[in-house]
């Protein structure tokens, strides 16, 4: 479990993380989302002890990272896949990490096979593609068979097969009861993997919820698409306070301010046949953009 309790981090006069409070629980994949500059990287660095909070506390399985005698057995992290000496082989890199935490050599072989790196294990990391580097970083994160796994942009540079591998891997780790925390800018992939979302902006917590709840809330009032051969008459009977009805490019109606059920009931009462009645689906990306639109630090500058 990862527990972030009222954590603030300042660099000089700049507050990067501001009273952040959330928990990543066992048995779940927690999606950690936010715009560029939101404070995600700083928060993850504090979780594994690379930065210290100005105030508040960050614990992994009940202790600060530095208090664990063998931290790789507690939490495995991938923050920067290229943070490996380019002259080392994948095997020597992993074996060096293993020796610092009392991890047996057989575990190195296991994670190399798990990550699909067997054929390149003795090759220098400097010659690795971006995707191969990501696989090595994930192998390193899993080296200690940890109860907590935290990955930053793990599918960056992977091909479709690799993306599917990561998706199944993380879901499987959560199903085993482990804590999985995932930071990504790929909303479509996060929507497929995450059970729980923590969204931050300008260092502050914006949402601590499920994917379904966030999307549902963003979709309220998103609009109903209605098709009828009596569109003009339908427009008239739907009109009312708080209701907006507009014609789409293909002649159908876009209605906001009423639910699909309410539109259907009004049409039925007025004997108006419908050939389409659907709610516009809202994606996680749309929900995220709506939630964070006032928390974007690096936005487009008007000309």
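Among the residues of region 1-30, those that are under 21 Å from residue 71 (Cβ atoms), part of a strand (DSSP E or B) and more than 16 Å from the chain's Cα centre (by Cα) comprise 3, 4, 5, 7, 9. In region 147-170, the count of residues that are at positive phi, modelled with pLDDT of 95 or more and either buried (at least 18 other Cβ atoms within 10 Å of the Cβ) or not in a strand (DSSP E or B) (or both) is zero.
Scanning region 267-274 turns up no residue that is surrounded by fewer than 15 Cβ atoms within 10 Å (Cβ to Cβ), touching a helix residue (DSSP H, G or I) at 6+ places or on another chain (Cβ under 9 Å) and under 30 Å from residue 214 (Cα atoms). Checking the structure you have, find out if any residue of region 74-92 is under 24 Å from the mean Cα position of the chain (by Cα), within 21 Å of residue 4 (Cβ to Cβ) and part of a helix (DSSP H, G or I). Within region 74-92, not a single residue is under 24 Å from the mean Cα position of the chain (by Cα), within 21 Å of residue 4 (Cβ to Cβ) and part of a helix (DSSP H, G or I). Counting the residues of region 100-112 that are part of a helix (DSSP H, G or I) and touching a helix residue (DSSP H, G or I) at 6+ places or on another chain (Cβ under 9 Å) gives 8. Set side by side, the residues 182, 136, 192, 197 differ, and just one is modelled with pLDDT of 95 or more, in the same structural domain as residue 25 (by TED's automatic domain parsing) and in a helix (DSSP H, G or I), which is 136.
Of the residues examined, residue 177 is one that is loosely packed, with under 15 Cβ neighbours inside 10 Å, assigned to a loop (DSSP other than H, G, I, E, B) and assigned by TED's automatic domain parsing to the domain that holds residue 139. Take the conditions (1) within 28 Å of residue 36 (Cα to Cα); (2) surrounded by 20 or more Cβ atoms within 10 Å (Cβ to Cβ); residue 191 misses just one of them, which is (2). I need the full set of residues from region 268-303 which are at pLDDT 90 or above and under 17 Å from residue 225 (Cβ atoms), in order please. If the condition is that a residue be at pLDDT 90 or above and under 17 Å from residue 225 (Cβ atoms), then 272, 273, 274, 275, 276, 277 are the ones that fit. For residue 48, the criteria (1) over 18 Å from the mean Cα position of the chain (by Cα); (2) modelled with pLDDT of 95 or more; (3) exposed (fewer than 15 other Cβ atoms within 10 Å of the Cβ) hold in every case but one, which is (3). The condition of being within 18 Å of residue 157 (Cα to Cα) and assigned by TED's automatic domain parsing to the domain that holds residue 156 holds for only one of 141, 121, that being 141.
The values are calculated or read from the model by the stated rules, or taken from the named source; none is laboratory data. Here the structure is a predicted model, which means the values were calculated and not measured. Neighbour counts are summed over all protein chains in view; Cβ atoms, including those assigned to glycine, are modelled from backbone coordinates with ideal geometry.
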